[in-house]
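Asks: Below: one structure in structure tokens.
The values are calculated or read from the model by the stated rules, or taken from the named source; none is laboratory data. This one's a predicted model, so the numbers in the text were calculated from it and none came from an experiment. FYI the Cβ positions are ideal-geometry reconstructions off the backbone, even for glycines, and counts take in every protein chain you see. Just the protein is used for accessible areas: all its heavy atoms, side chains included, with ligands, DNA and RNA removed. Shrake-Rupley method; radii C 1.70, N 1.55, O 1.52, S 1.80 Å.
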Amino acid sequence: MVDISKYLNNETFLINDKSTWHQNLLDLIESNKSLIRNYNYIETYNSNLREKAKKCTPVNYLDLHRTNPYYDDLGYVKECVKSELQKLTIIGYHATRLTNEEIVKIKNGGLITSSKENCYERADNLLLHGYISKNECDYIKSHCILNVPLEANRIGQIWFLAGSCDISTKDTGLNNLYKDYGGETIRNGIENTPLLEKLNAISKPCSVISYVQLNTVPYYLIDTLAEKLLLKSNKRDISKISFELYSQSKTIPVIDIIYVNEHTKLKIKK
């Protein structure tokens with residue numbers, strides 16, 4: 001059990017725990033409770049209507065669909081929430097496999113966003129520490145998927161989960177990241193090779209717990225997060241909110257690195 005409350009500070013909050021939300025954010029939501037409730041009512045009505053249409057219930061969806069009159073007002077509030085979010089930091093969990101030496105390096109220097117240079121440096125360090133041969137080092141470099149122009153959109157990103165999420169090695173969306181070394185940039189280029197098996201044998205599944213500054217996250221993701229927090233804020237299941245996002249900061253501060261297994265769980269100690 002990993003107690004994440006010990007990682008909180010004055011600039012950090014958990015999206016799935018309103019007791020950690022900053023006062024400006026809470027005031028924005030509290031002063032617009034009626035607007036949020038009314039907006040959600042219309043959206044729920046339209047959603048139910050769509051479901052009936054999918055099930056071939058005799059209903060003319062276009063005739064009964066209601067334009068949400070609260071859309072513009074909620075949009076203004078969302079802009080205010082986005083502005084507040086960009087001043088804040090959340091705790092993010094990055095799933096990966098690491099060698100002992102990589103754990104020390106990341107703890108000291110932080111997480112580095114994806115790039116060909118970072119991929120090559122990892123290969124060089126594996127060679128330096130005696131894990132692989134020169135030929136294997138060259139093979140990793142030549143098969144790094146960031147060498148392919150079509151994969152260039154992956155450069156300058158590092159992905160995290162935030163909120164209520166399962167960071168265990170169970171069969172979740174993170175399973176492949178824990179199972180194979182190197183993330184997508186290395187693993188995808190050496191998949192189904194003895195080299196990948198070798199790298200898996202000298203690394204362990206880890207969650208890199210980091211401070212993710214929201215002003216380093218793309219604006220479209222902040223927009224989605226703001227809407228999610230607004231529309232879930234009046235509901236009891238806010239503790240179940242999770243979110244996937246990436247930072248474009250060159251280096252992301254690391255709080256801790258923990259080994260994970262199928263039993264690893266997050267908790268918030270009150």
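Asks: In segment 236-258, which residues are in a loop (DSSP other than H, G, I, E, B) and within 18 Å of HIS22 (Cα to Cα)?
Replies: So the first thing to find is which residues in segment 236-258 are in a loop (DSSP other than H, G, I, E, B), and the list is 241, 248-250, 253.
Matches in segment 236-258: ILE241 only.
A quick yes/no check of all residues on (1) among the charged types (D, E, K, R); (2) open to solvent by 80 Å² or more (accessible area, probe 1.4 Å):
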site: VAL2; (1), (2): no, no
site: LYS6; (1), (2): yes, yes
site: GLU11; (1), (2): yes, yes
site: ILE15; (1), (2): no, no
site: SER19; (1), (2): no, yes
site: LEU26; (1), (2): no, no
site: GLU30; (1), (2): yes, yes
site: ASN40; (1), (2): no, no
site: ASN48; (1), (2): no, yes
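Asks: When you go through (1) buried (at least 22 other Cβ atoms within 10 Å of the Cβ); (2) assigned to a helix (DSSP H, G or I) one by one for GLU197, which number turns out not to apply?
Replies: Checking GLU197 against (1) buried (at least 22 other Cβ atoms within 10 Å of the Cβ); (2) assigned to a helix (DSSP H, G or I), the one that fails is (1).
Asks: Somewhere in segment 120-129, is a residue assigned to a loop (DSSP other than H, G, I, E, B) and out of contact with any Lys or Arg (no Cβ under 9 Å at 6 or more places or on another chain)?
Replies: yes
Asks: Of the residues LEU174, LEU214, LEU146, only one is open to solvent by less than 30 Å² (accessible area, probe 1.4 Å), at pLDDT 95 or above and within 26 Å of VAL104 (Cα to Cα); which?
Replies: On the way: LEU174 fails: at pLDDT 95 or above; LEU146 fails: at pLDDT 95 or above.
Of the residues listed, the single one that is open to solvent by less than 30 Å² (accessible area, probe 1.4 Å), at pLDDT 95 or above and within 26 Å of VAL104 (Cα to Cα) is LEU214.
Asks: Something else: Look through THR185, THR224, THR193, THR169 and report the one residue that is within 14 Å of the chain's Cα centre (by Cα) and of a type in the set (Ser, Thr, Tyr). So that I can check it myself, show each step before the final result.
Replies: Working: THR185 fails: within 14 Å of the chain's Cα centre (by Cα); THR193 fails: within 14 Å of the chain's Cα centre (by Cα); THR169 fails: within 14 Å of the chain's Cα centre (by Cα).
Result of the check over THR185, THR224, THR193, THR169: THR224.
Asks: Determine whether segment 203-211 contains at least one residue that is open to solvent by 30 Å² or more (accessible area, probe 1.4 Å), within 17 Å of LEU14 (Cβ to Cβ) and basic (Lys, Arg).
Replies: Within segment 203-211, not a single residue is open to solvent by 30 Å² or more (accessible area, probe 1.4 Å), within 17 Å of LEU14 (Cβ to Cβ) and basic (Lys, Arg).
Asks: Being closer than 28 Å to ILE140 by Cα, open to solvent by 30 Å² or more (accessible area, probe 1.4 Å) and outside any helix (DSSP H, G or I) is true for just one of ASN188, ASN261. Which residue is that?
Replies: Numbers: ASN188 fails: outside any helix (DSSP H, G or I).
Of the residues listed, the single one that is closer than 28 Å to ILE140 by Cα, open to solvent by 30 Å² or more (accessible area, probe 1.4 Å) and outside any helix (DSSP H, G or I) is ASN261.
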